[in-house]
Every structure is written in C-alpha cells, then in structure tokens.
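In what follows, a structure is listed as structure tokens, so that the remarks can point back to it.
The values are calculated or read from the model by the stated rules, or taken from the named source; none is laboratory data. Computed from a predicted structure; not experimentally measured. Neighbour counts are summed over all protein chains in view; Cβ atoms, including those assigned to glycine, are modelled from backbone coordinates with ideal geometry. With ligands, DNA and RNA removed, areas are computed over all heavy atoms of the protein, side chains included. Shrake-Rupley method; radii C 1.70, N 1.55, O 1.52, S 1.80 Å.
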Amino acid sequence: MSDTTSRPRPVRLRGGYLTRRGLLGGVAGVALASFPGVPSARGSSMLSYQGFAMALRVTRTVAQFPIEFPAFGEKSPALARASSARLSSAAGKLSPHRLTQVGAAAERLIADGTLGQRSDALVMALGAHAARDGESGGSLVSLIALSVAALAPDNDPNEDGFASTWLGGLARMHQQDTLGAAVTRRGIR
Amino acid sequence: MSITPQVRHELTQARGQVWAKHSKDPNFTGCGIGYRRRDGVVTDEPVVIAMVVDKLPAGALSSRRLLPASVRVNGTDYGVDVVEAGPVYANGTLDRAAPQSVTSSGPVTGPYRPLVQGCGISNSGVATSSSSSPTIGPAGTLGCFVTSVSGAVVIEFLLSAGHILAGGPNLWSPSNLSNTGNIVQPAVSDQVLTGTTYQDPVAEVTYVSPLDTTPGSLANTVDWGVAQLNTDYGDTTFAKDLMPPISDGHPAVGMCVGSDAGGNSYLARMDATLQQVGLPMVGMFDVTDGTAAPQVGMHIEKVGRSSGYTSSTVDATDVIVTINYVDPVANALVPVTMSGIIWSQYFTIAGDSGAVACQGGDGQTYVLPPRAPCPLTQAVQGYYNLPSNISDNTLTNNVQAKVLTQTLAGNLLIGLVYMNQQTVISRLGNSTGPAYNQATAQAFFQQLYAKYRPVVVGLLTNPSSFTFTQAMATDYGYALNMLGQTPANGGQGILTSQEYGLGVWLMFTVAGLAQNNYTYQQIQALLDNPLFYDQACSAIASIPTITLP
C-alpha cells in the first residue's frame, strides 16, 4: 500500500483544506450560518462548513431550477427537502473519492465568488463550468449527484445518474445562450 | 392470371363491405381488388386488398377495428389481404427545393417548346385577398394532348390532373376571377430554381372537373382538367423521348393523382377520364381510342415531372381511397374520397400528378419515395430541436417490432402512440409558454436524447445486458415534470392534470423497476402480465383526452 493511500493528502481549497481527516482552514469574509462538518460513510472524511454551505446552496438550486424537483412520493416541497439534515445524511454515504470530488467542486464555485451571491449567479456559474467540463462532468457532477440524493434519497450520491442529465441540460443552455433568460424568468430563491 | 368478371363483381361487393365498415377508421386508407401477397410474392388468389397506415397486431386493436380475414359474398369467402399504405396525398408538389434526381431519367423540369407530354407545368398563381402576390400552384405533369375538331377548326388542349391546372382542389371555376387559369411551363417553382422566367402562359384552363368533398362520397372517379394551348400545337412525343407516344399499341391506362411516403401510387382510369373530357387524344378519332382498361398485373410506364420515366405494375383496381389534397390558398388539407382508382407501387412521387401511364415497360423500373420521417418523429424532433437523424425511424421501428410487440402492454403502447399522435403533434405545434420554457425543455430533452439513444441501441443489440437503474427512474420523473408543470413553474404544460396523474401513477411502477434493478426479461414479463395490462387500460380509459386503441 502506498503512502498516498495510507496517509491522505490534503486537497487545496481556497482559504482552507479539505482532507479525509478534517478541515484545516476556512473561508474568510463570508458570513454563514454554522453548518456542521459532515462525516463520510467511511467515518474519516469531512467536508468544510464552507463546502457544505456551497453544497446546500447547490441543492437548493437543483430543487428549483429549471423546474421544481419532482416529489418522488414525498409530501414536502423540493425546497423544504433541500435541508442541511438531508444533505448531511446523503453526504454520509459518499465514498472518500466522491467526497473529495464534492469538495473540489465546491471550491471551484467558491472561487467564483458565488457563495455570497444570488442564486442566479450560481446557476450561471454551474452552466459555464458544465459546458467547459464537457461530457465527463468533472467534479461538479459529484456535487450535483450529492444534491440529487438529498432531494430524492433513492438516488446513490456515488453515482452520476440524474446529475449528468441535469448538468448536461445546463451546459446545453449555456452553449445555446438561453440560460440567462431562463434563470431570470424563473426567479429562483 | 386474370380475375374473371364474375369474381371481380363479387370482390367488388366484398370490397364495399370492408369500406362500409372501416372507412371511418383513421388507420384505414382504402381498399381495392387484387391478388394476395405472401412474403412479398404475389399469389394467384384474388382478394380484397385492405390498405392501412400501420399494420397493428390484432391484440392492439378492438374487435370493432379489426379487419376481417375474409368476407362472404354469395356463399363464397373472399380473403382480405392487409397492406400498409397511406396517408395518401395528391401528387402535386409545393416543394420549392429542387427535386432530387431519384431516377436516372428525372426530373423533367426544363422548358419545352413545343410542349411535350411528361414535362413539368403549373398554374401561374391564384390571387388571394390576404396577400399582394398570388399563391403559386403545385407543380405537376402535362399528361397528354386532346383535340376538338369543328369543321376546319382544330383546337388543341393539354390534359392534366385537375388540381394541377386549378392550382389546388376546386380552385378553378369559370366565375372565379381570382384564378386566371394561366398555365406555365416549366412550373413556377422550377422557374424560381433556375432563375429563368417563362411568364407567358402556354395554355389557359378551359375546364376542371370538380371534386366532391363530401366525406365518404363515392362520386369522384377522376381528377382532370383541360387547358387550351396558346401555342400552335403540342408535340405528342414524351419528354426526352423516354417512352413511345400514346397509340393503340401503347395505350393510356391511367392518370397519376396521388401517392404516399411509402411508395404507393394511385391513378385515375384514363378511359374514364377521357369519357368525361369528351375529347379524343390528338391523333385519335374516338374518346377512348388509344386507351386500355387496367388489369391487375399489367405492366405500366409513365414520364413524370419529378421522377421521369418509371415502370411498375397494376397491383389493384377498383380502389376506394381517401386522397388528401393540399389547398395552398387556404393552407389546408382537403380529404377527397376517390373510387375506381388503380393502385401501383414505386411508380410516382410528388410532382408527377397528371402524368399519363401507358401499358408497357418492364414493370420494375421503380422510383423510391424520398425518405421522410414519420410525422410524430418529425414533430418531436422539430419541437425539441433534436438531430434529424433519419436512422431514428429505423430505430423506433425496431423498438416497436422487436420489443413492444412482444407484450400486452407494449402493444397497448403502440396503439396509444398511433391513436394519439395527432394530439401530440398539435400540442407541440401550439404555444407551450414563453420561448425560454421551450429553450429549457429543448436543452434537457436534447440531453436525454444523447444519453438514451445509445441505451436503446444497446438494448436492441444485447437485451440481456440491460438493467433498469435508479437514474432512469429519476430521469423519467424529471421529464414527466417538465412536460406536466405549468409554464409559470418552468415546465411546458403539455400534459393535462389527469395525464400528468397517469404519469405519476406509472412512476410507482418505474420506481419499483429501479429498486429491484429489473432486467429486460423481467420488464417484459411485467408488461405481459394481464393484471398490469388491465390496470393500465383502466387508468388510461379514465382520461378523456387519451384515445384507447
């Protein structure tokens, strides 16, 4: 077994680190509610509170855009299901690799400055990243898959599944220059 | 091999029974008298040939719609052979694009002076109140020349299909001043393409046979018009000398009037046409000189504006068929029932209307119709801006033939798609909210298309490798919501609330498939389960906007 696998290397985040052992730093200057770090199913990985906050914002976006996320048998509306408790529960099922991917994706979005901006800016950023990443979906697809699993727990957060559809749709809207109008007209919160 | 008068008489009665019972079925195109085909081979059994748009499995049809295997007349059972044909459209073409070179001899779109038989012509245009420029008539074919002799005065007319000379169905009458009846050669659309104008009319319409548009009327047996030549005479050779002139040894059998996208061609009888015209062809004495009655199996040949020279066989006679005429002024389809029609295959395409078919040829110089996607596929591709992949037609046909037809619910789905396709086309054609909603739907359905087309191909190639996943269930639920949610909520609002409810009901089944990772075989078993089938039928029957097959 290599040293890399036995001793996890930190993943560089803007203003902090996301490691399998814990958060080493934080994002300064962003006012946030206190979000818990999220233990993974493997028990040792953590998502920074900034990363978690970003993931929650993404989940709220997926819940609303471009349509309200389907109920799939649940009674509460999609926005209510985009809760920190459900996100935490879904994140707990993530493999270490996927958790790393989620953290990396959150960092990309935080680097865009979208954490403190309106949701429409986040959608635009997601569309731009998705278009750049192409079919692979990059790390973003892991983050969206986590959101989907929070909204509809039958979905495995470790599989791209519907996340590739949602992200692919956004990428196409970005490329077809229709994303801005749709976001504005949808008026997401 | 020929059908005796007695058998033909009884088959005509049998055909009448089939028509009377099924003519109102939207899947029913028409029926006639011919020989049964087995595995593509023509047998010697005379039968009623029933034409349907789609041959649906018996299980997908109610007993009311099921065509009989045979019909009894005077104690004799006559078989009914079902073939796919239709919907049928009049063979004029409003297409402004250059006709494809679908045969080595066509199209015949150049200028001809003197006029020759088989060249392209059209009405110069019909004035309308809504537009400053006249509506251009469909392009068709100059059939032949007829003549009126009164003492020393000889007048020549060109004879073609009535809807070509009139510029559309029933668009010409002596009192209709908006239609001058000016005939130009080449056809207006062909002049536009070449950039050369031949504005001077070569003939002026004298008479066009009216079409009775009363639904189900059997009064229409011909579709013809005559126009007096402005030039001295017409040349009775055919364009490019593609076939010999009409004569007693090369008699005229039919006039091309309609065809479908599947290669089926329909002709009015030439003897009946000339009897109504009341004038003989040039060089003949009596009106029926130089004509022959159609016989099943007879070889026929023609020269037409779009497909040039072709030869095929008479596959049925005494056909009753509904032909859809395009009215370019009203921009509407006018269905007209025609009777006593000849059915042939791979003989004509749009733009050949008016061409005269003569007895002769090898019977197998065919024209294949330009490939056209099915209207439903076309509507979906258009609305969602999907790739217009012609192979998708083959793919959907394979899904239908290899997957859906194998189960009860699969056959139900086939019937549902057919019975409700016009509803889908209409809804997609109407506004479904602001443009941004459609743009959003386009992006997501394009994504679904890109994601699932390979899945479907894989399913057909190797069914045992297929497993239903949670991602598929979630994609289904999301697509359903995009269709069902209102435009104000970002959706398309294409489904009614009841239809959306049906989709949600089905979601529970879909979720079960995903949770248990159903294989292809397990899914097929479920779809073939009578209990599931009954539940689906009951659920669908409760929705007034969906027509059950």
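Cα centroids of the range B:276-331 and the range A:109-171: how far apart, whole angstrom?
63
Which value in Å does the Kirkwood hydrodynamic radius of the range B:157-204 take, with 1/r averaged over all unlike C-alpha pairs and then inverted? Provide the component values of the computation, followed by the final result.
Numbers: mean 1/r = 0.0864 Å⁻¹.
After inverting the pairwise mean of 1/r, the radius is 11.6 Å.
Whole angstrom only: what separates the Cα centroid of the range B:211-256 from the Cα centroid of the range B:336-385?
Each part's Cα centre sits 18 Å from the other's.
What's the average, rounded to a whole number, of partner chain beta-carbon atoms within 10 Å of each residue's beta-carbon in B:461-472?
Numbers: counts 0, 0, 0, 0, 0, 0, 0, 0, 4, 9, 11, 2.
That works out to 2 on average.
Would you please give the FRET efficiency between residue B:230 and residue B:173, computed as 1/(1 + (r/R0)^6) with r the Cβ-Cβ distance and R0 = 25 Å, to the nearest 0.05?
Values: r = 21 Å, r/R0 = 0.83.
For residue B:230 and residue B:173, the calculated efficiency is 0.75.
Can you tell me the mean projection area, over all orientations, of the convex hull of the range A:37-186's alpha carbons? Units nm², please. Don't skip to the end; give the middle numbers.
Numbers: hull surface 31.4 nm².
Hull-based average projected area comes out at 7.9 nm².
Count the DSSP beta bridges whose two residues both fall in the protein assembly as shown, then state the antiparallel fraction as a percent rounded to the nearest 5. Could you put the intermediate results ahead of the total?
Numbers: 80 of 92 bridges.
Close to 85 percent.
Per DSSP H run of n ≥ 4, the term is -39500 (n - 2.57); total these for the protein assembly as shown, divide by its residue number, and report the mean residue ellipticity at 222 nm rounded to 500 deg cm²/dmol.
Numbers: 21 runs with 256 residues, N = 738.
After summing the helix terms and dividing by the residues of the protein assembly as shown, the value is -11000 deg cm²/dmol.
What ranking do A:63-71, B:324-332, B:351-359, B:211-219 get when scored by the average of other Cβ atoms within 10 Å per residue, highest first?
Details: A:63-71: 22.4, B:324-332: 17.1, B:351-359: 31.0, B:211-219: 13.8.
Top to bottom by mean Cβ count within 10 Å: B:351-359, A:63-71, B:324-332, B:211-219.
Please find the FRET efficiency linking residue B:104 to residue B:451, where r is the Cβ-Cβ separation and R0 is fixed at 60 Å, and quote it to the nearest 0.05.
Values: r = 43 Å, r/R0 = 0.72.
Once rounded, the FRET efficiency stands at 0.90.
Would you work out what percent of the accessible area of chain B, with all protein chains in place, is carbon or sulfur (probe 1.4 Å)? Mind dumping the intermediate values first?
Working: 12550 of 22970 Å².
In chain B, the share of accessible area belonging to carbon and sulfur is 55 percent.
Could you state the orientation-averaged shadow area of the convex hull built on the Cα atoms of the range B:111-239, in nm² to one decimal? Kindly include the intermediate steps, with their values, before the conclusion.
Values: hull surface 37.6 nm².
Directional mean of the projected Cα hull area for the range B:111-239 stands at 9.4 nm².
Rounded to the nearest 20 debye, what is the charge dipole size of chain B about its Cα centre when +1 sits on each Lys and Arg Cβ and -1 on each Asp and Glu Cβ?
On the way: 22 positive and 35 negative charges, 281 e Å.
It works out to roughly 1340 debye.
Just how much of residue B:37 is accessible, in Å², when a 1.4 Å probe is used and the result is rounded to the nearest 10?
Solvent-accessible area, nearest 10 Å²: 60 Å².
Can you pull the one-decimal nm distance between simple spin-label points at residue B:77 and residue A:177, each 7 Å off the Cα toward Cβ?
Going by the 7 Å Cα→Cβ label model, 6.9 nm.
Take the range B:239-278, compute every pairwise Cα distance, and split them into 10 Å bins from 0; I just need the percent in each bin.
Pairs per bin, as whole percents: 24, 41, 32, 2.
Given a cut-off of 17 Å, what percent of all Cα-Cα pairs of the range B:434-512 lie beyond it?
Values: 1664 of 3081 pairs.
When every Cα pair of the range B:434-512 is considered, 54 percent fall beyond 17 Å.
Please compute the modelled spin-label separation between residue B:539 and residue B:460, points set 7 Å along Cα→Cβ, answer in nm with one decimal.
The two pseudo-label positions are separated by 2.7 nm.
Return the Cα extents of the protein assembly as shown along principal axes one, two and three, sorted largest first, each rounded to a whole Å.
Principal axes ranked by extent give 112, 62, 48 Å for the Cα atoms.
Within 10 Å of each Cβ of B:447-458, how many other protein chain Cβ atoms are there on average?
For this peptide, the per-residue mean of nearby foreign Cβ atoms is 2.
In debye to the nearest 20, how big a dipole does the protein assembly as shown give about its Cα centre with +1 on each Lys and Arg Cβ and -1 on each Asp and Glu Cβ?
Values: 43 positive and 48 negative charges, 849 e Å.
Around 4080 debye, computed over the protein assembly as shown.
Out of all Cα-Cα pairs in chain B, roughly what percent, to the nearest whole number, are more than 34 Å apart? Mind dumping the intermediate values first?
Values: 69189 of 150426 pairs.
Pairs farther apart than 34 Å: 46 percent.
Assuming R0 = 22 Å, can you tell me the calculated FRET efficiency for the pair residue B:368 and residue B:331, based on Cβ-Cβ distance, to the nearest 0.05?
Values: r = 29 Å, r/R0 = 1.31.
The formula returns an efficiency of 0.15 here.
Other chains near B:484-493: what is the mean number of their Cβ atoms within 10 Å of each residue's Cβ?
On the way: counts 2, 4, 1, 1, 2, 5, 10, 3, 1, 0.
Neighbouring Cβ atoms belonging to other protein chains average 3 per residue here.
What is the sum of charges, Lys and Arg at +1 and Asp and Glu at -1, for the other residues whose Cβ falls under 11 Å from the Cβ of residue B:419?
Around residue B:419, the surrounding residues sum to -1.
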